[in-house]
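Below is one structure, written out as structure tokens; comments come after it.
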Amino acid sequence: MMSPRLRPLYELDRLLRSIPGARTETRTVPDVLQREVAALQDAHRARAPAAAALVQFARWKLGRPDDSEVAIFESTLSLDEARDAIAKFHRYASWAVAESLAMVLVDPRFEGAADAIVDGDADRIRVLLAEDPSLARARSRYGHHATLLQHVAANGIEESRQWQSPPNAVEIARILLDAGAEPDATCDCYEPTMTAMTLLVSSDHPAEAGVQVALVDALLDAGARADGLPTQQAPPIQTALAFGYPAAAEALARRGARIDNLVVAAGMGRADLAEGFAESDRARIDEAFRLACALGRTEVATLLLRKGADAASQDNRGLTGLHWAAWNAHLDTVKALLEARAPLEVKNIYGGTVLDATVWAARHDGQRVDRFPVIAELIAAGADVAAVTPRPTGVVNIDALLDGRTLPDPR
């Protein structure tokens, strides 16, 4: 069953595919986008969740909560805002940039192949490649310029193509690689040096579908570099760890990726290696500490505190190591940090203390991670329960803890 969070993206995908001629007619970039603007305006008037999802993406700013669907539908969607939303959706800096591409044609075969990747339609991809072998190395005409192989990573492209990774994603990747796709080709998703590997190991959809590690191996089998390109800001193994995918990092390490800096050693839980790195950059030590906390690497986290890491240091979202350990329900790490007197009341950029942020995660993340023991530990350590908003939370066990009540043992 599809998650309620992803349903609007699925509906957006179907909305854009249903535009007349969308996958059968060769049109210029401005022509395609003008039709999508009209479709967005119609969907907004119809109060379709797909429209709200697209507007939320366009309005997103770090530190600013998303507007609700109700707020979006009760406000007017101007032509300029609709254009801005569609331009950002296709990774253009502005509508003016997209409109200037009057001589650039969007290939419906490429777009059809991208749709087939989302659908997991391997047979359709084989047919399209047989009809036009150049598709294996072709690029999207939109702002991200991603290849089809990079589309398999479900990252950095249009949100309507990021709602799932199909179970046969590995088969699709191998079809493209066998047809001549370049495993280390770069594109403009996020930055100009992104490859299929860096997109893959920072993408939640392949991880949630259980295909991320197998895709890493498929790319490496085809010649992708385990350590990435020299021009990249960070090697793939570090990217995988930073985004919380240690299994992908382990797969890269098994295939020769180097563990050659403090941050990677911390993320891999290699206290033996972390001990040996002489790191003079305080910010680097703090980064390694927060990563160790986020991944539950308790031994490394405590080692880095002894090496001078600041337990109160914050990342670009205002999260401390304790924020991260609690968010990811690493109870042993939380206990070790509390014993080391890590601060409880530091606020992130949304105004959330460690306890408030952990309760928020428990309310919004379903049952994927059990944060109840961590919440209890934070309260026992003296976390300010008054900082938690809203109250009541709507989760019976959490409200009982926050109110100082004890629930009967269900056993």
The lone exception for Ala329 - which of (1) touching a residue at least 24 places away in the same chain (Cβ under 8 Å); (2) within 24 Å of the chain's Cα centre (by Cα); (3) on the phi < 0 side of the Ramachandran plot it fails:
(3)
Wholly enclosed helices (runs of 4 or more DSSP H) of the stretch 349-408 bearing at least 3 residues on the phi < 0 side of the Ramachandran plot, more than 22 Å from the chain's Cα centre (by Cα) and surrounded by 12 or more Cβ atoms within 10 Å (Cβ to Cβ):
372-380, 396-402
Residue tally, condition surrounded by fewer than 15 Cβ atoms within 10 Å (Cβ to Cβ) and charged (D, E, K, R), over the stretch 130-148
2
Report yes if some residue within the stretch 247-264 is outside any loop (DSSP other than H, G, I, E, B) and within 27 Å of Ala383 (Cβ to Cβ); otherwise report no.
no
Residue among Ala113, Ala154, Ala181, Ala185 that alone is part of a helix (DSSP H, G or I) and either not β-branched (Val, Ile, Thr) or not assigned by TED's automatic domain parsing to the domain that holds Val213 (or both)
Ala113
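Quick grid of which residues meet (1) farther than 29 Å from Gly352 by Cβ; (2) surrounded by fewer than 16 Cβ atoms within 10 Å (Cβ to Cβ); (3) in contact with a Pro (Cβ under 9 Å, 6 or more places away or on another chain):
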| residue | (1), (2), (3) |
| --- | --- |
| Arg7 | no, yes, yes |
| Tyr10 | yes, no, no |
| Ser18 | yes, yes, no |
| Asp31 | yes, yes, no |
| Arg35 | yes, no, yes |
| Trp60 | no, yes, no |
| Ile72 | no, no, no |
| Arg83 | yes, no, no |
All but one of (1) in a loop (DSSP other than H, G, I, E, B); (2) buried (at least 24 other Cβ atoms within 10 Å of the Cβ); (3) not assigned by TED's automatic domain parsing to the domain that holds Asp119 hold for Ser165; which doesn't?
(3)
From Asn328, Asn348, which residue is among the polar types (S, T, N, Q) and touching a His at 6+ places or on another chain (Cβ under 7 Å)?
Asn348
Within the stretch 285-292, is there a residue that is buried (at least 18 other Cβ atoms within 10 Å of the Cβ), among the aromatic types (Phe, Trp, Tyr) and in a helix (DSSP H, G or I)?
yes
Here is a check on your reading of the model: is Ala309 part of a loop (DSSP other than H, G, I, E, B) and at negative phi?
yes
Condition broken by Leu304, with the remaining ones in (1) in a helix (DSSP H, G or I); (2) surrounded by fewer than 24 Cβ atoms within 10 Å (Cβ to Cβ) satisfied:
(2)
So in the stretch 173-188, with the set limited to residues that are touching a Leu at 6+ places or on another chain (Cβ under 6 Å) and more than 21 Å from Ala247 (Cα to Cα), which one is surrounded by the fewest Cβ atoms within 10 Å (Cβ to Cβ)?
Ala179
Candidate set from the stretch 371-411 (those that are at pLDDT below 90 and of a type in the set (D, E, K, R)); member that is farthest from Trp327 (Cα to Cα)
Arg411
Do we have any residue at all in the stretch 86-97 that's out of contact with any strand residue (DSSP E or B) (no Cβ under 7 Å at 6 or more places or on another chain), outside the structural domain of Ala22 (by TED's automatic domain parsing), among the charged types (D, E, K, R) and not in a helix (DSSP H, G or I)?
no
When you check Ala226 against the structure, is it in contact with a Leu (Cβ under 6 Å, 6 or more places away or on another chain), in a loop (DSSP other than H, G, I, E, B) and among the aliphatic types (A, V, I, L, M), yes or no?
yes
Checking Ile72 against (1) of a type outside the set (Phe, Trp, Tyr); (2) assigned to a helix (DSSP H, G or I); (3) at positive phi, which test does it fail?
(3)
Out of (1) under 23 Å from Ile379 (Cα atoms); (2) modelled with pLDDT of 95 or more, what's the single condition that is false for Val300?
(1)
Specify the residue that is farthest from Ser165 (Cα to Cα); the eligible residues are those in the stretch 4-20 that are free of Cβ contacts under 8 Å to residues at least 60 places away in the same chain and of a type outside the set (A, V, I, L, M, F, W, C).
Pro20
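The values are calculated or read from the model by the stated rules, or taken from the named source; none is laboratory data. The model shown is predicted, which means the values in this text are computed figures rather than measured ones. A quick note on method: Cβ atoms are made from the backbone with ideal geometry, for glycine too, and the neighbour counts reach across all protein chains shown.
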